[in-house]
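Student: Sharing a structure, written as structure tokens. Questions coming.
The values are calculated or read from the model by the stated rules, or taken from the named source; none is laboratory data. Every value quoted in this text rests on a predicted model; they were computed, and no experiment measured them. So basically every Cβ, Gly included, is an ideal-geometry build from the backbone, and we count neighbours across all protein chains shown. Accessible surface areas use protein heavy atoms only, side chains included; no ligands, DNA or RNA. Shrake-Rupley method; radii C 1.70, N 1.55, O 1.52, S 1.80 Å.
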Amino acid sequence: MELNGEQLIAASVSEVWRGLNDVDVLAKSIPGCEEISRVSPEEVHAKVMFKIGPVRARFSGKLLLSDIIPDQSCSMAFEGSGGAAGFAKGRSRVELKAAEGGTLVSYTTEASIGGKLGQIGGRLISASAKKIADDFFQKFAKELGGEAIALDAGASNE
């Protein structure tokens, strides 16, 4: 599955970058986040409750950051397990650019999903992933004192 999009966040590039690296801001922004902790500057662990179609599960996972260019971009590798519900793993790239009205956040994500989640139709998975991403950016923007505007978001199943 691929998920790509752009969001305009009404905050400066440095504020957005700080927010994306602040576990307290992330805890309030990630839908279903129950716990999040920074293990090192490049590693974050989290527990998140997701409901995708008929499957509801608590996922425990980790996020490893790489190719970090402060106030500009980073790459992430992630993996999470939801027990019997299945697993998800993949890579994502986030880029920040100053734009009129705030910061343009562009993201690309490739993920593979297995277990019960892997048996759910691709369209439902993609629609759920897009909703989770949109919800994240709306909450994230509010945490920074502004709003998020989706400019170009799309999901596809491959």
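Student: Could you list, in sequence order, all residues of region 16-47 that are assigned to a loop (DSSP other than H, G, I, E, B) and within 23 Å of F87 (Cβ to Cβ)?
Tutor: Residues of region 16-47 that are assigned to a loop (DSSP other than H, G, I, E, B), as a first pass: 21-22, 30-32, 41-42.
Answer for region 16-47, where residues must be assigned to a loop (DSSP other than H, G, I, E, B) and within 23 Å of F87 (Cβ to Cβ): I30, P31, G32, E42.
Student: For region 45-86, enumerate the residues that are more than 20 Å from I125 (Cβ to Cβ) and open to solvent by 30 Å² or more (accessible area, probe 1.4 Å).
Tutor: Let us first name the residues in region 45-86 that are more than 20 Å from I125 (Cβ to Cβ), namely 45, 47, 62, 64-75.
H45, K47, K62, L64, S66, D67, I68, I69, P70, D71, Q72, listed by residue number.
Student: Can you tell me how many residues in region 107-136 are open to solvent by 30 Å² or more (accessible area, probe 1.4 Å) and on the phi < 0 side of the Ramachandran plot? Give the steps one after another, and end with the answer.
Tutor: Filtering region 107-136 down to residues open to solvent by 30 Å² or more (accessible area, probe 1.4 Å) leaves 108, 110, 112-113, 115-116, 118-119, 121, 123-124, 127, 130-132, 134-136.
Of the ones still in play, those that are also on the phi < 0 side of the Ramachandran plot are 108, 110, 112-113, 116, 118-119, 121, 123-124, 127, 130-132, 134-136.
Within region 107-136, residues that are open to solvent by 30 Å² or more (accessible area, probe 1.4 Å) and on the phi < 0 side of the Ramachandran plot number 17.
Student: Then there's this: Exactly one of these conditions fails for V44: (1) out of contact with any Leu (no Cβ under 8 Å at 6 or more places or on another chain); (2) free of Cβ contacts under 8 Å to residues at least 60 places away in the same chain. Give me its number.
Tutor: With respect to (1) out of contact with any Leu (no Cβ under 8 Å at 6 or more places or on another chain); (2) free of Cβ contacts under 8 Å to residues at least 60 places away in the same chain, V44 is out only on (1).
Student: Consider only pairs whose beta carbons are under 9 Å apart and that are at least six residues apart or on different chains; among these, list those whose first residue lies in region 91-109 and is free of Cβ contacts under 8 Å to residues at least 60 places away in the same chain and whose second residue is among the small types (G, A, S) and exposed (fewer than 14 other Cβ atoms within 10 Å of the Cβ).
Tutor: What qualifies is R91/A77; S92/A77.
Student: Oh, and also: Take V13 and decide whether it is open to solvent by less than 50 Å² (accessible area, probe 1.4 Å) and either more than 13 Å from the chain's Cα centre (by Cα) or hydrophobic (A, V, I, L, M, F, W, C) (or both).
Tutor: Numbers: open to solvent by less than 50 Å² (accessible area, probe 1.4 Å): yes; either more than 13 Å from the chain's Cα centre (by Cα) or hydrophobic (A, V, I, L, M, F, W, C) (or both): yes.
Taking the combined requirement at face value, the residue satisfies it.
Student: May I pose another question? Assess whether K139 counts as being loosely packed, with under 15 Cβ neighbours inside 10 Å and either of a type in the set (D, E, K, R) or in contact with a helix residue (DSSP H, G or I) (Cβ under 6 Å, 6 or more places away or on another chain) (or both).
Tutor: Numbers: loosely packed, with under 15 Cβ neighbours inside 10 Å: no; either of a type in the set (D, E, K, R) or in contact with a helix residue (DSSP H, G or I) (Cβ under 6 Å, 6 or more places away or on another chain) (or both): yes.
No: the conditions fail for K139.
Student: Please go through region 96-106 and give me each residue that is surrounded by fewer than 15 Cβ atoms within 10 Å (Cβ to Cβ) and in contact with a strand residue (DSSP E or B) (Cβ under 7 Å, 6 or more places away or on another chain), ordered by number. Reasoning before the result, please.
Tutor: Residues of region 96-106 that are surrounded by fewer than 15 Cβ atoms within 10 Å (Cβ to Cβ), as a first pass: 97-101.
Those that are surrounded by fewer than 15 Cβ atoms within 10 Å (Cβ to Cβ) and in contact with a strand residue (DSSP E or B) (Cβ under 7 Å, 6 or more places away or on another chain): K97, A99, G101.
Student: Hey, among K97, K47, which residue is within 14 Å of the chain's Cα centre (by Cα) and at pLDDT 95 or above?
Tutor: Working: K97 fails: within 14 Å of the chain's Cα centre (by Cα).
Going through K97, K47 in turn, just one is within 14 Å of the chain's Cα centre (by Cα) and at pLDDT 95 or above: K47.
Student: Would you check if S92 is of a type in the set (S, T, N, Q), open to solvent by less than 70 Å² (accessible area, probe 1.4 Å) and under 20 Å from M1 (Cα atoms)? Give the derivation first.
Tutor: Working: of a type in the set (S, T, N, Q): yes; open to solvent by less than 70 Å² (accessible area, probe 1.4 Å): yes; under 20 Å from M1 (Cα atoms): yes.
Here the answer is yes, as S92 does meet what is asked.
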